[in-house]
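The values are calculated or read from the model by the stated rules, or taken from the named source; none is laboratory data. These figures come from a predicted structure and were not determined experimentally. Because the Cβ atoms are built from the backbone with ideal geometry, glycine has one as well, and the counts that use them run over all protein chains shown. With ligands, DNA and RNA removed, areas are computed over all heavy atoms of the protein, side chains included. Shrake-Rupley method; radii C 1.70, N 1.55, O 1.52, S 1.80 Å.
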Amino acid sequence: MIEKIRLQLVSMTQGGEAMGRDDTGRVVFVPYAIAGEEVVVEIIEAKKNYARARLVEIISPSPARVMPRCEHFGQPSRGEALPNSDFNSKQIEARQSNSNLSPSASDASPLQTRACGGCQWQHIAYDAQLKFKTDIVREQFARIGKMPDAPVRETIGMSEPWRYRNNVQFQMDGDGHLCFRAMESHDLVRINECHIIHPLIDEMFRALEFEGADFSGVTLRAGIKTGQKLMMLEGRDDDPPEISVDEPVSIVYQSPSGQTISLVGKDALHEELRGRMFRVSPKSFFQVNTTMADKLLELVEQFLAPRAIDVLLDAFGGVGTFGLSLASRVARVIEIEESKDAVNDAKANAIELSNVEFHRGKVEEILPKLKTEIDLVVTDPPRAGIDPIALNAIITQAPRTIAYVSCDPATLARDARRLIDGGYRLREVQPVDLFPQTYHIESVSRFER
């Protein structure tokens, strides 16, 4: 029997869902809802201490609720009027008639059953998104880091929170259509439009024709400041296909073994951050939001306050974004990075620098063996955060200041607790919105010995 309950939603959570409690005190997570709303939901997964639910009806909408721009985003119920929006039920019905929903499915739920999983917060006004992100970071520090008074600043947002992504990865279905993954599913959703990709990416997306092609995926990247475009085709065969293009775009083929072969143009693109040019290979990590990556660099430099005699460690250094940008301000830069492609890019990006050394491998394997005394650390780990061995090695090195760039508030709060227990003080946490319309949160934190 399907269980339906009425909920008052009280907060937004780390995973992007709104949260409330039922009459028993059980926590219930509801996607596509907003803190402050009163809703009716349908329980779809019940555990001992929590449940997950599907939004069925919005009784009292939040003033922050707005109409999503994208046809692939989860839709409000047919006929439901939402506040602060100049659309009506007929417009909603028109949008639903163009979606992948059958009428019966649309009547049953306010959401597409196969909504795109790329964005989760298009239904929330942008100023409210920023506030919720600040609240989430503070909650993670209080709950996981045991720091209820952590110095978390208000989230820095974008002046234009759309069309910002310089990198997008599509899956391809059996008919050659470009797809994203569905929300909380491995199902594929055919994509006709995307409002968070940069116009340069959109140009490539709209020019592509893959009818009859058999690729597992397609990655599109662009240098927003350089205008360069690159496409990586992820193949199912070791032999690359023959490709012809009319657009000024570089094309790289990736075989099932992971080997990349240049088919058209160059084998990498270049992007500029704060006046410095960076080579970025197809598989190398680079921040997806160029505009806000500039802000990250500014904050890292401000937090570290480098001196000419300092030795700077760039842990998880990637293509050298942070370390190379600060190389002229310090005596020496040591970069540690596991990815072969990223290290090769970083070396190319440091060609004119004589005070940078590179170590390829895991930070937790290399850092404990370093004999050099470190004065400053900038670290930009993956979502899982810093391995305990690497974190202990940083604490043992006792650098004066650490700038921790994080894409996950939960693992940041966990690692912050370890740093504080190891003798550091958290001076400030500055969230930066690299991912508008999603729940993902980037931040820069400053720790001092």
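Some points to look at:
- Residues being in a loop (DSSP other than H, G, I, E, B) and either of a type in the set (S, T, N, Q) or in contact (Cβ under 8 Å) with a residue 40 or more places away in the chain (or both) - total across segment 199-209: 0
- Of the strands (runs of 3 or more DSSP E) contained entirely in segment 1-44, those carrying at least 1 residues that are in contact with a Gly (Cβ under 9 Å, 6 or more places away or on another chain), open to solvent by 30 Å² or more (accessible area, probe 1.4 Å) and of a type outside the set (A, V, I, L, M) fall at 4-12, 27-30.
- Qualifying residue in segment 307-314 (condition: free of Cβ contacts under 8 Å to residues at least 12 places away in the same chain and β-branched (Val, Ile, Thr)): no
- Which listed residue, of MET204, MET172, MET183, is touching a Pro at 6+ places or on another chain (Cβ under 9 Å) and among the aliphatic types (A, V, I, L, M): MET183
- Scope segment 402-423; condition open to solvent by 10 Å² or more (accessible area, probe 1.4 Å) and either in a loop (DSSP other than H, G, I, E, B) or of a type outside the set (Asp, Glu) (or both); matching residues: CYS407, ASP408, ALA410, THR411, ARG414, ARG417, ARG418, ILE420, GLY422, GLY423
- Against the list (1) crowded, with 18+ Cβ neighbours inside 10 Å; (2) modelled with pLDDT of 50 or more, the condition PRO110 fails is (2).
- Residue check, LEU313 more than 23 Å from the chain's Cα centre (by Cα) and surrounded by 23 or more Cβ atoms within 10 Å (Cβ to Cβ): yes
- The residues of segment 210-252 that are touching a His at 6+ places or on another chain (Cβ under 7 Å) and assigned to a loop (DSSP other than H, G, I, E, B), listed by number, are GLY223, ILE224, THR226, GLN228.
- Close pairs (6 angstrom Cβ cut-off, 6 or more residues apart or separate chains): among the polar types (S, T, N, Q) in segment 339-350, assigned to a helix (DSSP H, G or I) anywhere: ASN349/LEU324
- Output for segment 381-401, where each listed residue is buried (at least 16 other Cβ atoms within 10 Å of the Cβ), free of Cβ contacts under 8 Å to residues at least 40 places away in the same chain and not hydrophobic (A, V, I, L, M, F, W, C): GLY385, ASP387, ASN392
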